[in-house]
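Okay, structure first, notes after.
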Amino acid sequence: MSVNWKAFVDQISHYQSFVLVSHIRPDCDALGSELGMAYVLRQIGKDVRIINAHRTPPALQFLDPAGNIEVLGDDVEAEDISPDCIMILDTSAWAQLGDMGDVIRAASCDKMVLDHHVGEDALGATMYKDYQAEATGHLVVQAADALKVPLARQMAGALFAAIATDTGWFRFGSVTPETYRVVARLIEAGVVPSEIYGDLYERDTLGRLKLRGLILSRTQSEVGGALMHTYVEKEDFEAVGALPSDTEDAINLTLAVENTKAAVIFVGQIRGGFKLSFRSRCAMDCNEIARQFGGGGHKAAAGAFQEGTLADVKARVLPVVIAAVEKAMQQEG
């Protein structure tokens with residue numbers, strides 16, 4: 001499925017004011033796509049606000065030095081949100097929108113989605129999706145081209161970070177020759193990759209370092225080492241001086257073990273329950289598993305949320321993942 005950019009441009013032309021929204025616990029692709037799209041729309045004379053349900057994680061605030069991203073309930077109230085159009089980026093699932101989901105449901109304006117994830121809910125929006133895109137940030141570059149807005153340094157850094165992180169710094173199977181062509185254009189627009197890398201990966205706090213150590217120390221293997229799983233309880237964040245956002249990319253650490261084919265991490269949420277993150281390097285479809293638990297994503301990476309204690313959630317989820325890994329291993333011989 002590819003985006004009909006002619007229809008996208010035509011729809012954009014009907015509106016003057018936009019509110020851009022993305023998923024809760026925003027990552028670089030969510031934030032970078034919002035910031036990049038906001039720049040594009042402003043260049044063609046549109047009024048734009050970015051409003052999220054969750055505040056930008058401290059480690060990612062370098063993406064928005066001017067503080068353009070507002071937070072629902074802190075910076076703006078629901079009744080003050082009345083654009084001509086709400087654009088949802090990097091998700092098409094109600095469960096991922098948090099309190100902004102209620103705003104979107106109640107809004108009488110038009111809605112549109114720009115996303116690269118498989119699966120979707122009926123958001124009452126016009127869908128512009130490309131499941132083959134490695135990041136929504138890449139789609140924003142294509143949107144800029146469709147709207148005839150030149151890439152510029154003001155947007156390029158955020159979009160580079162979006163693509164770089166959603167591809168595991170260009171090491172995931174989703175990377176294509178077109179990925180590098182787009183990245184080259186962003187570098188030509190002024191991005192310095194070493195600076196983005198430094199902001200992302202070389203400014204850890206001691207708490208984040210300790211949390212990663214805890215996650216690694218709890219890692220267990222199943223299916224002869226083909227599956228790795230670990231967990232974080234909500235009390236652990238205060239105990240080591242870390243933030244919930246410090247779990248970003250933690251699951252990928254477990255994939256460094258030789259012969260590992262899949263991984264899952266259970267992350268305790270402050271309000272209760274557990275966020276689940278799945279990764280696959282085999283025939284196991286993470287999106288298919290996540291959807292069984294009310295989530296979604298991609299074949300190689302997906303997420304979901306489950307209520308309950310750690311023991312309850314692991315008892316529900318692990319057998320499903322183990323069975324999927326065993327099936328995948330049989331298929332691969």
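The values are calculated or read from the model by the stated rules, or taken from the named source; none is laboratory data. Computed from a predicted model, the values in this text were never measured in an experiment. Here the Cβ positions follow ideal geometry from the backbone for every residue, glycine too, while neighbour counts run over all protein chains shown. Note: accessible area is taken over every heavy atom of the protein model, side chains too, but ligands, DNA and RNA are not part of it. Shrake-Rupley method; radii C 1.70, N 1.55, O 1.52, S 1.80 Å.
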Notebook entry, point to check: From the list GLY119, GLY124, which residue is farther than 30 Å from GLU195 by Cα, surrounded by fewer than 16 Cβ atoms within 10 Å (Cβ to Cβ) and touching a strand residue (DSSP E or B) at 6+ places or on another chain (Cβ under 7 Å)?
Noted result: GLY124
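Here are some residues: VAL9, VAL21. Which one is crowded, with 23+ Cβ neighbours inside 10 Å and among the β-branched types (Val, Ile, Thr)?
VAL21
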Margin query: in contact (Cβ under 8 Å) with a residue 24 or more places away in the chain and not in a strand (DSSP E or B): is that true of GLU120 in this structure?
Written below: yes
Next item on the list: Kindly provide the set of residues from the range 34-47 that are open to solvent by less than 20 Å² (accessible area, probe 1.4 Å) and among the acidic types (Asp, Glu), ordered by number.
Entry: GLU34
Check: Could we say that PHE237 is aromatic (Phe, Trp, Tyr) and open to solvent by less than 40 Å² (accessible area, probe 1.4 Å) here?
Finding: yes
Next item on the list: Please report, ordered by residue number, the helices (runs of 4 or more DSSP H) entirely within the range 218-333 with at least 2 residues that are closer than 29 Å to ASP204 by Cβ and more than 21 Å from the chain's Cα centre (by Cα).
Entry: 234-240, 310-331
Item checked: Residue match in the range 48-69 (condition: under 25 Å from ASP145 (Cα atoms), assigned to a helix (DSSP H, G or I), open to solvent by less than 60 Å² (accessible area, probe 1.4 Å) and aliphatic (A, V, I, L, M)) -> yes
Next item on the list: Select from the range 272-289 the residues that are buried (at least 24 other Cβ atoms within 10 Å of the Cβ) and closer than 17 Å to GLU120 by Cβ and list them in ascending order.
Entry: CYS286
Notebook entry, point to check: Within the range 126-150, which residues are of a type in the set (A, V, I, L, M, F, W, C) and either in contact (Cβ under 8 Å) with a residue 60 or more places away in the chain or touching a helix residue (DSSP H, G or I) at 6+ places or on another chain (Cβ under 8 Å) (or both)?
Noted result: ALA133, ALA135, LEU139, VAL140, VAL141, ALA143, ALA144, ALA146, LEU147, VAL149
